[in-house]
Amino acid sequence: MTTSLPPWHEIVLNVFKANEVKLITYVPDNVLKPLIQALHADPYFTCFATAREEEAVGILSGAWMAGLKGILLMQTSGFATLPNVLASLPCAFQIPVLMMISERGTLGEFNVGQAAVCRTMRPILDSLAMEHHTVSRLDECEFIVDRTIRQAHLTQAPAALILSPLLTGGKAVQGTGAQA
Amino acid sequence: MSATTHNLKRMYRFDLTQRLVAKLKQEEAVIGGIGHSNFDLWAVGHRPQNFYMLGSMGLAIPIAMGVAMAQPARKTFALEGDGSLLMELGCLATVAAQAPKNLIIVLFDNGIYQITGGQPTPGLHADYVAIARGCGLATATWAADEADFERLLDNALATDGPHFIGCKLDEQKPRAQTERDPAQIRDRFMRGMGTKKNRTLG
């Protein structure tokens, strides 16, 4: 890895632009904060929070059918609320809903709830036959994000990009656990 | 126009849908929520600008909001049932925050899950217009009867929204059942929206 690469969130933002992904809906995560801030600051993007991740799947589906490309940013627990709407809207109707998931619940998670829900994410994606890739290295970030977005649009299939703590640093581990 | 639910006429969904579609002269988009909301839209007569949901209960308003944001010059309707809206009440806050001017929400409130056997929803004491207003949709209103519904539609088509029109329904069943072919529904809708342009289908 060279030291000249920009931070992951800058790479992601530029890939969104290159693919005309303009509509950004999110339910936030601390790890996504720098990306969300940069997207809000850039007038190229329309960027807003939804009350629930399901809503964003609806908004992105409608927007894509009417000619506007977008993506949903969320964390692992948010993804776990989505199987019904993913199966019956983007999967059934062949709509390329894109998702970027900050991976919580692994590699130093402190919240047992996050750790439990994390284990459901890839099995859900696999059972829906949804394309998904995990970005863990800065030098692979542009390639994986760009190619996944392109393939989703070209094949009219939803896809998920999982941002590993290996890429983002994750959320800092707090403490060392209860003492016996 | 009414802000309260007492004395509201309980109306027939097919008749209201027919009245709505008759007013559409500018290729307006219409998103029919799951179940009977889209069955009667289909029964009135297919238009390329109609999208019929098959699942994803509660997402008619978000889908319509996405269409409205992508094409700000096109008026876009969401036809949603009360049971569906209860699944995704938070979307009304999102609509109010983004305030797409071309979005018109029509709520069909029969108080029951008609398609699953008529069980009452938990919204027995819920006033959805009051909820919409509380979320920031200040002009949300109940239609008192059919003539009032038509007047509210004319106003919604002529003025900036987002608009929210609540309708109390009787318990009459839908006239037909939508053909369940999601890829075809999506393809025809995209042609209706002008995002697919070749002329193989309509």
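The values are calculated or read from the model by the stated rules, or taken from the named source; none is laboratory data. Quick caveat: nothing in here was measured; it's all calculated off a predicted structure. Counting neighbours? That spans all protein chains shown, and the Cβs are built from the backbone with ideal geometry, glycine included. Heavy atoms of the whole protein, side chains included, go into the accessibility calculation; ligands, DNA and RNA do not. Shrake-Rupley method; radii C 1.70, N 1.55, O 1.52, S 1.80 Å.
Residues whose amide H comes within less than 5 Å of that of A:Y26, counting only those at least five positions distant or on another chain, are A:F48, A:A49, A:T50, A:L73 (H built at 1.01 Å from N in the peptide plane).
Of the residues A:D139, A:D42, A:D29, the one that moves most in a GNM of chain A with alpha-carbon contacts below 10 Å is A:D42. Placing unit charges on the Cβ atoms of the charged side chains and taking the dipole of the protein assembly as shown about its Cα centre, the candidate lying farthest along the positive direction among B:A140, A:Q37, B:P48 is B:P48.
List the pairs from A:K22/B:K101; A:K22/B:K25; B:K101/B:K196; A:K33/B:K196; A:K69/B:K75; B:K101/B:K173 whose alpha-carbon separation is above 27 Å, in the order I gave them. Result: A:K22/B:K25; A:K33/B:K196; B:K101/B:K173 exceed 27 Å.
Label separation (B:H6 vs B:D127): 1.0 nm, computed from points 7 Å beyond Cα along the C-beta direction.
Let me know the volume per residue of the alpha-carbon convex hull for the range A:1-49, in Å³.
That works out to 85 Å³ per residue.
Its alpha carbons considered, chain B gives a radius of gyration followed by a Dmax of 15.6, 50 Å.
Annotation: A:H132 carries an accessible surface of approximately 40 Å², with a 1.4 Å probe and no ligand, DNA or RNA atoms counted. When the Cα atoms of the range A:27-157 are aligned to their principal axes, the ranges along those axes come out at 42, 35, 32 Å in descending order. Extent of the protein assembly as shown along its three principal axes (Cα atoms, max minus min coordinate, largest first): 69, 59, 37 Å. What relative contact order, as a whole-number percentage, does chain B give when Cα pairs under 8 Å and 6 or more residues apart are counted? The normalised contact order for chain B reaches 30 percent.
Springs join every pair of Cα atoms under 10 Å in this Gaussian network model of chain B, and among B:G33, B:G192, B:G58 the largest mean-square fluctuation is at B:G192.
Annotation: aspartates and glutamates with alpha-carbon distance below 20 angstrom to B:K9 (same-chain offsets under eight excluded): B:D40, B:E80, B:D82, B:D109, B:D127, B:D145, B:E146, B:D148, B:E150, B:D154, B:D170, B:E171.
Of all aspartates and glutamates in the structure, the ones whose alpha carbon falls short of 18 Å from that of B:K197, not counting any fewer than 8 places away in one chain, are B:E27, B:E28, B:D187.
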